[in-house]
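Q: I have a structure I would like to understand better, so I am pasting it below and will then ask my questions one at a time.
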Amino acid sequence: MKKADLIITDISYILTMDENFTEYKDSDIVIKDGKIIDIGKNKKDEYFGKTISGKNKIAIPGLINTHTHAAMTLLRGYGSDNPLKVWLEEYIWPAEGKLVSYEFVKDGTDIACYEMLRNGVTTFVDMYFFEDAVAQSVKEVGMRAVLCTGILDFPTPGAKNADEGIAKTEDFIKHFEKDENIFPAVGPHAPYTCSPDTLKKAFNLAEKYDVLYHIHVSETQFEVNDIKERYGNTPVKHLEKVGVLNERVLAAHMVHPTEEEIDILAEKNVKVAHCPESNLKLASGVAPIPKMIEKGVTVAIGTDGTASNDDLDIIGEISTAAKLHKGYTLNPTVLNAKEALKMATLDGAKAIRKEDKIGSLEIGKFADIVLMDINDPHLQPVFDPYTQIVYSSNGKDVDTVIINGDIKVLNKKVLVLNKKELLEKAQKWKKKVLED
Ligand SMILES: [Zn+2]
(Lines give C-alpha, C1' and ligand atoms only; values in the text may rest on other atoms or scores of the structure.)
Protein backbone atom coordinates (compact mmCIF):
# COMPACT_ATOMS: atom_id res chain seq x y z
CA MET A 1 0.00 0.00 0.00
CA LYS A 2 1.24 3.46 -0.93
CA LYS A 3 0.47 6.66 0.95
CA ALA A 4 -1.89 9.26 -0.54
CA ASP A 5 -3.30 12.52 0.82
CA LEU A 6 -6.81 12.06 -0.53
CA ILE A 7 -8.60 9.29 -2.43
CA ILE A 8 -11.95 9.92 -4.10
CA THR A 9 -13.51 6.49 -4.33
CA ASP A 10 -16.16 4.87 -6.55
CA ILE A 11 -16.82 7.94 -8.71
CA SER A 12 -19.77 7.07 -10.95
CA TYR A 13 -18.34 8.91 -13.97
CA ILE A 14 -14.95 10.55 -14.43
CA LEU A 15 -14.86 12.89 -17.43
CA THR A 16 -11.16 13.65 -17.67
CA MET A 17 -11.62 16.23 -20.47
CA ASP A 18 -8.18 15.31 -21.82
CA GLU A 19 -7.55 15.60 -25.59
CA ASN A 20 -9.18 12.19 -26.18
CA PHE A 21 -12.13 12.76 -23.83
CA THR A 22 -11.03 9.70 -21.79
CA GLU A 23 -13.76 8.53 -19.41
CA TYR A 24 -13.89 6.14 -16.45
CA LYS A 25 -16.86 4.55 -14.70
CA ASP A 26 -17.01 3.54 -11.01
CA SER A 27 -13.36 4.48 -10.53
CA ASP A 28 -11.05 6.32 -8.15
CA ILE A 29 -8.81 9.40 -8.23
CA VAL A 30 -5.72 9.46 -5.99
CA ILE A 31 -4.14 12.76 -4.86
CA LYS A 32 -0.79 13.49 -3.26
CA ASP A 33 1.10 16.78 -2.73
CA GLY A 34 -1.66 18.69 -4.50
CA LYS A 35 -1.46 16.62 -7.67
CA ILE A 36 -3.32 13.72 -9.26
CA ILE A 37 -1.04 10.68 -8.93
CA ASP A 38 -3.36 7.91 -10.07
CA ILE A 39 -6.72 7.43 -11.69
CA GLY A 40 -8.72 4.33 -12.64
CA LYS A 41 -10.64 1.30 -11.42
CA ASN A 42 -9.82 -0.21 -7.99
CA LYS A 43 -6.98 2.26 -7.40
CA LYS A 44 -8.29 2.67 -3.85
CA ASP A 45 -6.94 -0.82 -3.10
CA GLU A 46 -3.38 0.31 -3.80
CA TYR A 47 -3.30 3.40 -1.54
CA PHE A 48 -4.11 4.43 2.02
CA GLY A 49 -5.11 7.91 3.22
CA LYS A 50 -8.19 10.11 3.74
CA THR A 51 -11.09 9.10 1.51
CA ILE A 52 -14.27 10.73 0.28
CA SER A 53 -16.97 8.96 -1.69
CA GLY A 54 -17.63 9.73 -5.33
CA LYS A 55 -20.73 7.51 -5.52
CA ASN A 56 -23.55 9.08 -7.54
CA LYS A 57 -21.21 11.82 -8.65
CA ILE A 58 -19.59 12.96 -11.88
CA ALA A 59 -15.98 14.14 -11.59
CA ILE A 60 -14.86 16.90 -13.94
CA PRO A 61 -11.83 19.20 -13.90
CA GLY A 62 -12.10 22.43 -11.88
CA LEU A 63 -13.90 24.93 -14.10
CA ILE A 64 -12.15 27.97 -15.56
CA ASN A 65 -13.85 31.35 -15.91
CA THR A 66 -11.71 33.19 -18.45
CA HIS A 67 -13.24 36.66 -18.16
CA THR A 68 -14.72 38.46 -15.20
CA HIS A 69 -14.59 41.58 -13.07
CA ALA A 70 -15.04 39.85 -9.73
CA ALA A 71 -15.59 42.87 -7.49
CA MET A 72 -18.60 43.93 -9.56
CA THR A 73 -20.69 41.50 -7.48
CA LEU A 74 -21.35 44.61 -5.37
CA LEU A 75 -23.12 46.17 -8.38
CA ARG A 76 -25.02 43.01 -9.35
CA GLY A 77 -28.22 43.93 -11.15
CA TYR A 78 -27.71 47.69 -10.69
CA GLY A 79 -29.34 49.68 -13.51
CA SER A 80 -30.35 46.58 -15.50
CA ASP A 81 -32.38 46.73 -18.73
CA ASN A 82 -31.11 50.14 -19.81
CA PRO A 83 -29.30 50.93 -23.07
CA LEU A 84 -25.56 50.31 -22.67
CA LYS A 85 -24.69 54.02 -22.69
CA VAL A 86 -27.28 54.87 -20.01
CA TRP A 87 -26.32 51.85 -17.92
CA LEU A 88 -22.63 52.81 -17.98
CA GLU A 89 -22.92 56.59 -17.73
CA GLU A 90 -25.78 56.85 -15.24
CA TYR A 91 -25.23 53.78 -13.08
CA ILE A 92 -21.97 51.84 -13.29
CA TRP A 93 -19.37 54.56 -13.84
CA PRO A 94 -20.74 56.97 -11.18
CA ALA A 95 -20.93 54.15 -8.62
CA GLU A 96 -17.41 52.98 -9.46
CA GLY A 97 -16.08 56.53 -9.41
CA LYS A 98 -17.54 57.07 -5.95
CA LEU A 99 -16.78 53.72 -4.32
CA VAL A 100 -14.02 51.67 -5.92
CA SER A 101 -11.24 51.27 -3.37
CA TYR A 102 -9.15 48.47 -1.90
CA GLU A 103 -11.97 47.69 0.56
CA PHE A 104 -14.67 47.65 -2.14
CA VAL A 105 -12.63 45.32 -4.34
CA LYS A 106 -11.71 43.01 -1.45
CA ASP A 107 -15.32 42.64 -0.25
CA GLY A 108 -16.70 42.28 -3.78
CA THR A 109 -14.10 39.67 -4.69
CA ASP A 110 -14.75 37.70 -1.49
CA ILE A 111 -18.39 37.45 -2.54
CA ALA A 112 -17.34 36.49 -6.09
CA CYS A 113 -14.98 33.79 -4.81
CA TYR A 114 -17.77 32.32 -2.70
CA GLU A 115 -20.10 32.26 -5.69
CA MET A 116 -17.48 30.85 -8.06
CA LEU A 117 -16.46 28.10 -5.64
CA ARG A 118 -20.12 27.25 -5.06
CA ASN A 119 -20.44 26.88 -8.84
CA GLY A 120 -17.33 24.76 -9.37
CA VAL A 121 -14.94 27.45 -10.61
CA THR A 122 -11.37 26.87 -9.42
CA THR A 123 -9.52 29.34 -11.68
CA PHE A 124 -10.62 32.73 -13.01
CA VAL A 125 -9.30 35.62 -15.07
CA ASP A 126 -9.96 39.04 -13.57
CA MET A 127 -9.55 42.54 -14.95
CA TYR A 128 -10.40 45.39 -12.59
CA PHE A 129 -8.71 47.87 -10.26
CA PHE A 130 -6.84 47.28 -6.97
CA GLU A 131 -5.81 43.81 -8.13
CA ASP A 132 -3.73 43.48 -4.96
CA ALA A 133 -7.08 43.24 -3.12
CA VAL A 134 -8.22 40.56 -5.58
CA ALA A 135 -4.95 38.69 -4.98
CA GLN A 136 -5.56 38.87 -1.23
CA SER A 137 -9.02 37.27 -1.60
CA VAL A 138 -7.67 34.60 -3.94
CA LYS A 139 -4.84 33.77 -1.53
CA GLU A 140 -7.19 33.54 1.46
CA VAL A 141 -9.53 31.05 -0.23
CA GLY A 142 -6.81 29.17 -2.12
CA MET A 143 -8.16 29.52 -5.65
CA ARG A 144 -6.09 30.23 -8.77
CA ALA A 145 -6.43 33.41 -10.80
CA VAL A 146 -4.96 35.39 -13.66
CA LEU A 147 -5.07 39.00 -12.45
CA CYS A 148 -4.62 42.24 -14.36
CA THR A 149 -5.35 45.88 -13.68
CA GLY A 150 -7.45 47.56 -16.35
CA ILE A 151 -5.18 50.00 -18.19
CA LEU A 152 -6.97 52.97 -19.82
CA ASP A 153 -5.90 56.29 -21.33
CA PHE A 154 -8.06 58.25 -18.92
CA PRO A 155 -7.96 58.34 -15.09
CA THR A 156 -9.20 55.23 -13.28
CA PRO A 157 -9.67 54.41 -9.59
CA GLY A 158 -6.22 52.80 -9.74
CA ALA A 159 -4.11 55.15 -11.88
CA LYS A 160 -4.19 58.72 -13.23
CA ASN A 161 -3.14 57.67 -16.76
CA ALA A 162 -2.04 54.70 -18.85
CA ASP A 163 1.67 55.08 -18.02
CA GLU A 164 0.94 54.87 -14.30
CA GLY A 165 -1.31 51.85 -14.97
CA ILE A 166 1.53 50.15 -16.86
CA ALA A 167 4.09 50.97 -14.14
CA LYS A 168 1.77 49.60 -11.44
CA THR A 169 1.20 46.49 -13.55
CA GLU A 170 4.95 45.91 -13.73
CA ASP A 171 5.25 46.14 -9.93
CA PHE A 172 2.35 43.70 -9.57
CA ILE A 173 3.96 41.25 -12.02
CA LYS A 174 7.28 41.39 -10.18
CA HIS A 175 5.54 40.72 -6.87
CA PHE A 176 3.67 37.62 -8.09
CA GLU A 177 6.05 36.43 -10.81
CA LYS A 178 6.86 33.15 -9.11
CA ASP A 179 3.53 32.52 -7.42
CA GLU A 180 1.91 29.09 -7.88
CA ASN A 181 -1.69 30.33 -7.75
CA ILE A 182 -1.66 33.98 -8.80
CA PHE A 183 -0.70 34.55 -12.42
CA PRO A 184 -0.16 38.27 -13.01
CA ALA A 185 -1.05 39.62 -16.46
CA VAL A 186 -1.25 42.85 -18.46
CA GLY A 187 -4.75 44.23 -19.05
CA PRO A 188 -5.13 47.03 -21.61
CA HIS A 189 -8.89 47.57 -21.39
CA ALA A 190 -9.90 47.79 -25.08
CA PRO A 191 -8.85 49.24 -28.45
CA TYR A 192 -11.30 52.15 -27.98
CA THR A 193 -9.97 53.12 -24.51
CA CYS A 194 -6.25 52.60 -25.24
CA SER A 195 -4.22 54.46 -27.87
CA PRO A 196 -1.97 52.42 -30.19
CA ASP A 197 0.96 53.63 -28.08
CA THR A 198 -0.63 52.34 -24.86
CA LEU A 199 -1.54 49.03 -26.50
CA LYS A 200 2.04 48.57 -27.66
CA LYS A 201 3.67 49.55 -24.35
CA ALA A 202 1.37 47.11 -22.57
CA PHE A 203 2.24 44.41 -25.09
CA ASN A 204 5.97 44.97 -24.62
CA LEU A 205 5.51 44.55 -20.88
CA ALA A 206 3.64 41.25 -21.39
CA GLU A 207 6.43 40.04 -23.68
CA LYS A 208 9.14 41.10 -21.22
CA TYR A 209 7.66 39.01 -18.39
CA ASP A 210 6.09 36.29 -20.57
CA VAL A 211 2.58 36.86 -19.18
CA LEU A 212 -0.92 36.96 -20.63
CA TYR A 213 -2.23 40.04 -22.51
CA HIS A 214 -5.92 40.31 -21.67
CA ILE A 215 -8.11 42.76 -23.57
CA HIS A 216 -11.77 43.36 -24.55
CA VAL A 217 -12.07 43.27 -28.36
CA SER A 218 -14.94 43.76 -30.80
CA GLU A 219 -17.59 43.67 -28.10
CA THR A 220 -20.12 45.99 -29.73
CA GLN A 221 -21.00 47.38 -33.15
CA PHE A 222 -20.33 50.82 -31.63
CA GLU A 223 -16.72 49.80 -30.98
CA VAL A 224 -16.27 48.46 -34.52
CA ASN A 225 -17.59 51.73 -36.02
CA ASP A 226 -15.54 53.85 -33.64
CA ILE A 227 -12.26 52.05 -34.40
CA LYS A 228 -13.00 52.17 -38.15
CA GLU A 229 -13.59 55.91 -37.93
CA ARG A 230 -10.47 56.61 -35.86
CA TYR A 231 -7.98 54.22 -37.44
CA GLY A 232 -9.55 53.08 -40.74
CA ASN A 233 -9.62 49.43 -39.66
CA THR A 234 -11.87 46.99 -37.83
CA PRO A 235 -10.65 46.16 -34.27
CA VAL A 236 -8.73 42.92 -34.92
CA LYS A 237 -7.03 44.34 -38.01
CA HIS A 238 -6.22 47.47 -36.02
CA LEU A 239 -4.57 45.38 -33.29
CA GLU A 240 -2.67 43.39 -35.90
CA LYS A 241 -1.38 46.60 -37.43
CA VAL A 242 -0.33 47.94 -34.01
CA GLY A 243 1.57 44.67 -33.61
CA VAL A 244 -0.07 43.29 -30.47
CA LEU A 245 -1.49 39.93 -31.58
CA ASN A 246 0.09 36.60 -30.76
CA GLU A 247 -0.42 33.46 -28.68
CA ARG A 248 -0.32 35.34 -25.36
CA VAL A 249 -3.42 37.39 -26.21
CA LEU A 250 -6.73 36.49 -24.59
CA ALA A 251 -9.45 38.59 -26.21
CA ALA A 252 -12.77 38.87 -24.40
CA HIS A 253 -16.09 38.95 -26.29
CA MET A 254 -15.10 39.02 -30.02
CA VAL A 255 -18.73 39.47 -31.05
CA HIS A 256 -18.23 41.17 -34.42
CA PRO A 257 -15.10 39.85 -36.19
CA THR A 258 -15.13 39.67 -40.00
CA GLU A 259 -14.20 36.44 -41.84
CA GLU A 260 -10.79 37.93 -42.52
CA GLU A 261 -10.37 38.78 -38.84
CA ILE A 262 -11.24 35.23 -37.76
CA ASP A 263 -8.46 34.03 -40.07
CA ILE A 264 -6.07 36.49 -38.40
CA LEU A 265 -7.07 35.22 -34.92
CA ALA A 266 -6.43 31.62 -36.01
CA GLU A 267 -3.13 32.45 -37.69
CA LYS A 268 -1.84 34.45 -34.70
CA ASN A 269 -3.17 31.86 -32.21
CA VAL A 270 -5.13 34.52 -30.29
CA LYS A 271 -7.48 32.97 -27.72
CA VAL A 272 -11.07 34.13 -27.25
CA ALA A 273 -13.08 34.38 -24.02
CA HIS A 274 -16.71 33.99 -25.12
CA CYS A 275 -19.21 35.70 -22.78
CA PRO A 276 -22.62 34.84 -24.27
CA GLU A 277 -24.88 35.90 -21.39
CA SER A 278 -23.27 39.32 -21.06
CA ASN A 279 -23.48 39.80 -24.84
CA LEU A 280 -27.17 38.88 -24.76
CA LYS A 281 -28.09 41.00 -21.72
CA LEU A 282 -26.26 44.08 -22.97
CA ALA A 283 -27.61 43.47 -26.49
CA SER A 284 -24.08 43.38 -27.90
CA GLY A 285 -24.88 40.57 -30.33
CA VAL A 286 -23.98 36.92 -30.94
CA ALA A 287 -20.32 36.01 -31.48
CA PRO A 288 -19.64 33.66 -34.44
CA ILE A 289 -18.20 30.97 -32.16
CA PRO A 290 -18.83 27.85 -34.30
CA LYS A 291 -17.01 29.53 -37.19
CA MET A 292 -14.07 30.49 -34.96
CA ILE A 293 -13.78 26.92 -33.63
CA GLU A 294 -14.04 25.52 -37.17
CA LYS A 295 -11.15 27.73 -38.23
CA GLY A 296 -9.03 26.56 -35.30
CA VAL A 297 -9.37 29.43 -32.81
CA THR A 298 -9.23 28.33 -29.15
CA VAL A 299 -12.46 29.55 -27.59
CA ALA A 300 -12.91 29.50 -23.82
CA ILE A 301 -15.83 30.74 -21.74
CA GLY A 302 -16.31 33.67 -19.37
CA THR A 303 -19.14 35.10 -17.30
CA ASP A 304 -18.00 38.73 -17.53
CA GLY A 305 -18.80 40.77 -14.40
CA THR A 306 -22.02 40.20 -12.49
CA ALA A 307 -23.23 43.71 -13.31
CA SER A 308 -23.76 42.48 -16.86
CA ASN A 309 -24.62 38.78 -16.50
CA ASP A 310 -25.76 38.68 -13.51
CA ASP A 311 -24.12 35.58 -12.05
CA LEU A 312 -20.84 33.66 -12.03
CA ASP A 313 -22.33 30.26 -12.87
CA ILE A 314 -20.01 28.96 -15.58
CA ILE A 315 -22.10 25.81 -16.11
CA GLY A 316 -25.07 28.05 -16.89
CA GLU A 317 -22.80 29.94 -19.27
CA ILE A 318 -21.75 26.85 -21.30
CA SER A 319 -25.37 25.74 -21.38
CA THR A 320 -26.37 29.13 -22.81
CA ALA A 321 -23.49 28.98 -25.31
CA ALA A 322 -24.38 25.50 -26.55
CA LYS A 323 -28.05 26.38 -27.07
CA LEU A 324 -27.50 29.90 -28.39
CA HIS A 325 -25.27 28.81 -31.27
CA LYS A 326 -27.56 25.94 -32.27
CA GLY A 327 -30.47 28.35 -32.45
CA TYR A 328 -28.52 31.09 -34.17
CA THR A 329 -27.01 28.83 -36.85
CA LEU A 330 -30.16 26.67 -37.15
CA ASN A 331 -27.88 23.67 -36.68
CA PRO A 332 -28.41 21.36 -33.67
CA THR A 333 -25.03 19.67 -34.14
CA VAL A 334 -22.84 22.72 -33.42
CA LEU A 335 -21.18 23.11 -30.03
CA ASN A 336 -22.22 19.73 -28.61
CA ALA A 337 -22.15 19.08 -24.87
CA LYS A 338 -18.58 17.70 -24.92
CA GLU A 339 -17.28 20.75 -26.80
CA ALA A 340 -19.19 23.10 -24.51
CA LEU A 341 -17.68 21.51 -21.38
CA LYS A 342 -14.25 21.64 -23.02
CA MET A 343 -14.59 25.44 -23.28
CA ALA A 344 -14.77 25.63 -19.48
CA THR A 345 -11.97 23.10 -18.85
CA LEU A 346 -9.10 22.21 -21.22
CA ASP A 347 -9.69 25.11 -23.61
CA GLY A 348 -9.94 27.47 -20.64
CA ALA A 349 -6.53 26.24 -19.52
CA LYS A 350 -5.15 26.72 -23.05
CA ALA A 351 -6.58 30.24 -23.13
CA ILE A 352 -4.45 31.16 -20.11
CA ARG A 353 -1.49 29.03 -21.26
CA LYS A 354 -1.66 26.70 -18.25
CA GLU A 355 -2.76 23.51 -20.01
CA ASP A 356 0.29 21.66 -18.73
CA LYS A 357 -0.93 22.19 -15.15
CA ILE A 358 -4.75 22.36 -15.12
CA GLY A 359 -7.83 21.90 -17.33
CA SER A 360 -8.06 18.09 -17.35
CA LEU A 361 -7.93 15.20 -14.89
CA GLU A 362 -4.60 13.60 -15.73
CA ILE A 363 -1.75 12.15 -13.72
CA GLY A 364 0.77 14.89 -12.92
CA LYS A 365 -1.68 17.79 -13.16
CA PHE A 366 -2.86 19.82 -10.16
CA ALA A 367 -5.73 18.18 -8.30
CA ASP A 368 -8.38 20.78 -9.19
CA ILE A 369 -11.51 18.63 -9.23
CA VAL A 370 -15.27 19.19 -9.16
CA LEU A 371 -17.76 16.53 -8.14
CA MET A 372 -21.30 17.05 -9.47
CA ASP A 373 -24.11 15.45 -7.47
CA ILE A 374 -26.37 13.39 -9.74
CA ASN A 375 -28.36 11.75 -6.96
CA ASP A 376 -31.34 14.00 -7.58
CA PRO A 377 -34.46 13.37 -9.67
CA HIS A 378 -33.76 16.32 -11.97
CA LEU A 379 -30.48 14.67 -13.00
CA GLN A 380 -31.77 11.14 -13.59
CA PRO A 381 -31.62 8.93 -15.54
CA VAL A 382 -28.13 9.53 -16.93
CA PHE A 383 -27.81 8.46 -20.56
CA ASP A 384 -24.88 10.77 -21.25
CA PRO A 385 -23.00 12.48 -18.39
CA TYR A 386 -21.87 15.37 -20.65
CA THR A 387 -25.40 16.34 -21.66
CA GLN A 388 -26.48 15.91 -18.04
CA ILE A 389 -23.98 18.56 -16.96
CA VAL A 390 -24.47 20.99 -19.83
CA TYR A 391 -28.25 20.77 -20.31
CA SER A 392 -29.77 19.41 -17.09
CA SER A 393 -27.67 20.76 -14.24
CA ASN A 394 -26.56 24.15 -13.03
CA GLY A 395 -23.76 25.32 -10.79
CA LYS A 396 -25.77 24.58 -7.65
CA ASP A 397 -25.47 20.85 -8.40
CA VAL A 398 -21.74 21.13 -7.63
CA ASP A 399 -21.24 19.06 -4.49
CA THR A 400 -17.48 19.12 -3.87
CA VAL A 401 -14.68 21.38 -5.05
CA ILE A 402 -11.03 20.46 -4.59
CA ILE A 403 -8.17 22.81 -5.46
CA ASN A 404 -4.56 21.73 -5.22
CA GLY A 405 -5.78 18.66 -3.34
CA ASP A 406 -7.56 20.75 -0.66
CA ILE A 407 -11.32 20.47 -0.18
CA LYS A 408 -12.92 23.93 -0.56
CA VAL A 409 -16.57 22.93 -0.97
CA LEU A 410 -18.11 19.81 0.56
CA ASN A 411 -21.76 18.69 0.51
CA LYS A 412 -22.59 21.94 -1.34
CA LYS A 413 -21.16 24.07 1.49
CA VAL A 414 -18.27 26.49 0.93
CA LEU A 415 -15.80 25.73 3.72
CA VAL A 416 -13.38 28.60 3.22
CA LEU A 417 -15.62 31.70 3.48
CA ASN A 418 -18.20 32.84 6.02
CA LYS A 419 -21.58 33.23 4.30
CA LYS A 420 -23.06 35.46 7.05
CA GLU A 421 -20.17 37.92 6.81
CA LEU A 422 -20.51 38.09 3.03
CA LEU A 423 -24.22 38.86 3.28
CA GLU A 424 -23.44 41.71 5.70
CA LYS A 425 -20.82 43.09 3.32
CA ALA A 426 -23.31 43.07 0.44
CA GLN A 427 -25.80 45.07 2.56
CA LYS A 428 -23.14 47.55 3.67
CA TRP A 429 -22.14 48.32 0.07
CA LYS A 430 -25.73 48.49 -1.19
CA LYS A 431 -26.28 51.39 1.23
CA LYS A 432 -23.16 53.15 -0.03
CA VAL A 433 -24.15 52.68 -3.69
CA LEU A 434 -27.52 54.31 -3.02
CA GLU A 435 -26.16 57.13 -0.78
CA ASP A 436 -25.60 60.55 -2.36
ZN1 LIG B 1 -15.39 42.57 -19.35
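The values are calculated or read from the model by the stated rules, or taken from the named source; none is laboratory data. Small disclaimer: the values here were computed from a predicted structure and weren't measured. With ideal geometry, Cβ positions are generated from the backbone for all residues, glycine too; neighbour counts draw on all protein chains shown. Accessible surface is based on the protein model in full, side chains and every heavy atom, while ligands, DNA and RNA are left aside. Shrake-Rupley method; radii C 1.70, N 1.55, O 1.52, S 1.80 Å.
Q: What number of residues within the range 294-318 satisfy the criterion of being in contact (Cβ under 8 Å) with a residue 40 or more places away in the chain and more than 15 Å from the chain's Cα centre (by Cα)?
A: Total satisfying the criteria: 1.
Q: Give the number of residues within the range 219-231 that are open to solvent by less than 60 Å² (accessible area, probe 1.4 Å) and away from the ligand (no atom under 16 Å from the Cβ). Steps first, please.
A: In the first step, residues of the range 219-231 are kept if they are open to solvent by less than 60 Å² (accessible area, probe 1.4 Å); the result is 219-220, 223-224, 226-227.
Now narrow it down to the ones that are away from the ligand (no atom under 16 Å from the Cβ): 224, 226-227.
So the count comes out to 3.
Q: Check every one of the helices (runs of 4 or more DSSP H) wholly within the range 273-345 and list those with 1 or more residues that are open to solvent by 10 Å² or more (accessible area, probe 1.4 Å), away from the ligand (no atom under 16 Å from the Cβ) and within 24 Å of Asp81 (Cα to Cα).
A: On the way: elements: 276-281, 289-294, 314-329, 337-343.
Answer list for the range 273-345: 314-329.
Q: Next up: Looking for something open to solvent by less than 60 Å² (accessible area, probe 1.4 Å), without any contact (Cβ under 8 Å) to a residue 60 or more places away in the chain, at positive phi and away from the ligand (no atom under 16 Å from the Cβ) - is there at least one such residue anywhere in the range 243-263?
A: Taking every residue of the range 243-263 in turn, at least one turns out to be open to solvent by less than 60 Å² (accessible area, probe 1.4 Å), without any contact (Cβ under 8 Å) to a residue 60 or more places away in the chain, at positive phi and away from the ligand (no atom under 16 Å from the Cβ).
Q: Got a sec? Which of Glu96, Glu115 is over 18 Å from the mean Cα position of the chain (by Cα), surrounded by 19 or more Cβ atoms within 10 Å (Cβ to Cβ), touching a residue at least 12 places away in the same chain (Cβ under 8 Å) and at negative phi? Working first, answer last.
A: Numbers: Glu115 fails: over 18 Å from the mean Cα position of the chain (by Cα).
Answer to the check: Glu96.
Q: State whether the residues of the range 149-170 include one that is outside any loop (DSSP other than H, G, I, E, B), at pLDDT 95 or above and touching a His at 6+ places or on another chain (Cβ under 8 Å).
A: yes
Q: Is it true that Leu417 is open to solvent by less than 10 Å² (accessible area, probe 1.4 Å) and part of a loop (DSSP other than H, G, I, E, B)? If you could, list the steps in order and put the result at the bottom.
A: Working: open to solvent by less than 10 Å² (accessible area, probe 1.4 Å): no; part of a loop (DSSP other than H, G, I, E, B): yes.
For Leu417, the condition - open to solvent by less than 10 Å² (accessible area, probe 1.4 Å) and part of a loop (DSSP other than H, G, I, E, B) - is not met.
Q: Report the residue count in the range 400-414 for those that are surrounded by 18 or more Cβ atoms within 10 Å (Cβ to Cβ) and assigned to a loop (DSSP other than H, G, I, E, B).
A: Let us first name the residues in the range 400-414 that are surrounded by 18 or more Cβ atoms within 10 Å (Cβ to Cβ), namely 400-405, 408-409, 414.
Within this subset, residues satisfying the condition of being assigned to a loop (DSSP other than H, G, I, E, B) are 404-405.
Count: 2.
Q: Do we find a residue being under 22 Å from Thr258 (Cβ atoms), touching a helix residue (DSSP H, G or I) at 6+ places or on another chain (Cβ under 7 Å) and either among the basic types (Lys, Arg) or open to solvent by 20 Å² or more (accessible area, probe 1.4 Å) (or both) anywhere in the range 176-190?
A: no
Q: With the structure loaded, tell me whether Glu267 is outside any loop (DSSP other than H, G, I, E, B), within 13 Å of the ligand (Cβ to nearest atom) and open to solvent by 10 Å² or more (accessible area, probe 1.4 Å) or whether it fails that test. So that I can check it myself, show each step before the final result.
A: Numbers: outside any loop (DSSP other than H, G, I, E, B): yes; within 13 Å of the ligand (Cβ to nearest atom): no; open to solvent by 10 Å² or more (accessible area, probe 1.4 Å): yes.
No.
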